[in-house]
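S.K.: The structure is given below, and queries will be raised subsequently.
A short reminder: the numbers here are calculations on the coordinates, not readings from a lab. Bear in mind the structure is a predicted one, so any value in this text is a computation, not a measurement. Ideal geometry is used to build each Cβ from the backbone, glycine not excepted, and the neighbour counts take in all protein chains shown.
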């Protein structure tokens, strides 16, 4: 019985030793896999950063165009307002001249035509 127990214990130690032998071989493969994964992650991050940069540029360009459009609208409104004010002033001046002419016509007697 002791021989059987001794054989079982020896077998356990042997299997444990053999089970750990290939373990050092896999870490050599693991760094290569880790390097490949790191490279892949780095490439993905670069691509994402490039995409984000392009999006930011596009948004900035759009914002600039919108700002220019708003500025143009504001300038157009200001010019329209100034034109309206000029037209109003001109109309007021013309009305004043017409009233003055009408008053002058009322104060001077009409020439009498005799035959």
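S.K.: Tell me, in nm to one decimal, what length is gained between residue 96 and residue 76 on full extension, where the rule is 0.36 nm per residue of separation less the Cα-Cα distance?
M.R.: Here the answer is 4.2 nm.
S.K.: On to the next question. With a point put 7 Å past each Cα toward its Cβ, work out how far residue 2 is from residue 53 in nm, to one decimal.
M.R.: A separation of 7.8 nm, rounded to one decimal place.
S.K.: At 25 °C and a viscosity of 0.890 mPa s, what translational diffusion coefficient does Stokes-Einstein give for region 70-113, taking Rh as the Kirkwood radius over Cα pairs? Give it in µm²/s as a whole number.
M.R.: Approximately 185 µm²/s, per Stokes-Einstein.
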